[in-house]
C-alpha cells in the first residue's frame, strides 16, 4: 500500500471534501456575489494558508538564530517558497473574483496593497538569499531580514486595513467575511479547507526540504 | 444563482473535472513522495 | 552613564566623518534640491494637496535611501575590526540610528523649505507637520539603517539596499503620508492622533527589532 503518513491522507480527504462540498453545498444568496461566494473557499483559504506558512518561516528563522542548524534555515526557506506560491495563487484568484464582482482587476484597497507588499517582501527575501554565497552567512543574514521584514509585514496586513475603509468584505461596513458574518454552512467547508490546503503546503514543503537535503548529500560526495 | 446549472446536472460535470484534476495532481505528489523516500534510504 | 557617553561620542564621530569629506553631505543637499527642482519643472505649480504631500514624501524617501546607503559600506575592514573588538554592537547601531535620524530630520526640513519655495505652501498646521517630519525621519532612519546593515553584509550592491528597503518601508511610508496629509489639511488633533500613536508604535517596534537583531549581523 502507499506508505503515506496519516496527515497526508487527511490532506487528500479534506481537499476532496472541500472541492465537492464547495460546489454542492448551500451558500447564502447575497446580492452581486451570487455563486461566486464559493470562491471564498479557495481564495481566502490560500491567504490563511500563506499566513500560516509565513509564521512557520518566521518561527524557523528565529530558531535558526538561536540554534544555527542547517535544518532550521532550510525549513524557513522552503516554507517561504511555498507560502509565496500560495500568495500568488491567492492574488490571482482574488483578481479574477474582483473583475467579476467589483469590475476591475485591481482597486486601491488596503488589503490588496498589503498583499502586494507581502509578496514584495518575499521577493526581496529570495533576492537577498541569492546574493550571498557563503551558506552560514546566507542563513544568518536572511534570518535577520526575515524576522525584521515579516514582522513589519504582518503588522501592515493586520493593523492598517482595520483603520481605514475598504472595499474588501468585512471592513468598512461591507457584508462578508468576519467571524460573525460567515454563514454556518460555509464554515463547515471553510475550516476544513484551510486545514487541508495548509497540510498540502506542508507536504510540498517537506518534499522540497528532502530534495534539498538529498542534493546536499550528493554534492558532498 | 446557478440553479439552472444544477437542474441540468451540469454541476456534476464541474465537480468531476475539478476532482479529476486534483486526483492527478495528488497522484503526482504521491509518486514524488515515494521516489524521494526511496532515495533517502 | 558610560553607555550614553560612548554613544554620544560615536554620534559625534559619525558627524565628523561626514563633515571632513563634505562631498557626501553636499551630494545629499544637491540631491534634495535637484529632485525638488525636477518636480517643479514637471508640474509647474499646478499641484493639488495630495500630490504635494505624496511627492514630498517620495522625495524624502529617495533622499533617505541615498543618504543611508553609504553608512555601513564606507568603513574599511580594519576599522570594522577595531570597532568589533572595542564596542558592543548596541552602541554601534544606536549611534548610527541617532545620527541618521538627525541627518534625515535636517534634510527633511530643508527639503520642506525648498519644496514650499517652489511649489507653494499648503500646510495648515505647522506643529503637526513638523511632528510628521520628525517621526518620519526617525522611522525612515531606523528602518534603513537596519536594512543597510543587512545589505552591507551581502555583496556590496547598492541596488540591494533599495530592493530590501522598499517593502519594509511601505507600512511606515503609508502611515507617515496619511499623518502628514491630515496635518496639511489642518485637521484636529483628535483625528490625527491614531496615526501619531501608530507611527510611535511602529517606530518602537522597528527600534526593538533592530536592537535585538543587530548583534547577529555584527558577528563577523
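We did not get these values from a lab; they are worked out from the coordinates using the rules stated. In this text the structure is predicted, and so the values were computed from the model without any measurement. Neighbour counts are summed over all protein chains in view; Cβ atoms, including those assigned to glycine, are modelled from backbone coordinates with ideal geometry.
Just a few scattered comments:
- Of the residues A:13, C:36, the one with the fewest other Cβ atoms within 10 Å heads the list, and the complete ranking is A:13, C:36.
- For residues of C:165-173, the mean tally of beta carbons on other chains within 10 Å: 6
- Inter-chain Cβ neighbour count for A:127-133, averaged per residue, equals 5 (cutoff 10 Å, partner chain atoms only).
- Distance cut-off 18 Å, percentage of C-alpha pairs in region C:152-220 lying past it: 56 percent
- Over chain C, relative contact order from alpha-carbon pairs under 8 Å, at least 6 apart, %: 27 percent
- Estimated FRET transfer efficiency (residue B:14, residue C:162; beta-carbon r; R0 45 Å; 0.05): 0.45
- Fully extending the segment from residue C:16 to residue C:204 would add 64.9 nm, taking 0.36 nm per residue of separation and subtracting the current Cα-Cα distance.
- For the pair residue A:158 and residue A:221, a Förster radius of 41 Å applied to the C-beta separation gives a FRET efficiency near 0.30, rounded to the nearest 0.05.
- Taking the fewest neighbouring Cβ atoms within 10 Å as the starting point, the ordered list for B:21, C:199, A:4 is B:21, A:4, C:199.
- Computed over region C:133-220: relative contact order in percent, which uses C-alpha pairs under 8 Å that are six or more apart: 41 percent
- Spherically averaged projected area of region C:83-140 from its Cα convex hull (nm²): 4.6 nm²
- According to the Kirkwood relation over distinct C-alpha pairs, the hydrodynamic radius of chain C is 18.1 Å.
- In chain C, helices alone account for a calculated mean residue ellipticity at 222 nm of -31000 deg cm²/dmol, with every DSSP H run of four or more residues adding -39,500 (n - 2.57).
- Scaled radius of gyration (Cα, divided by 2.2 N^0.38 Å) that region C:107-156 gives: 1.55
- Rg/Rh ratio calculated on Cα atoms of region A:35-165 (Kirkwood radius): 1.03
- In this rough spin-label picture, where each label sits 7 Å from Cα along the Cβ direction, the residue C:155-residue C:82 distance is 3.0 nm.
- Take the Cα of residue A:187, step 7 Å toward its Cβ, do the same at residue A:214, and the gap between the two points is 4.3 nm.
- FRET efficiency for the residue C:26 to residue C:5 pair, using the beta carbon distance and R₀ = 25 Å, is estimated at 0.25.
- Neighbour counts of C-beta atoms inside 10 Å place A:63, B:41 in the sequence B:41, A:63, starting with the fewest.
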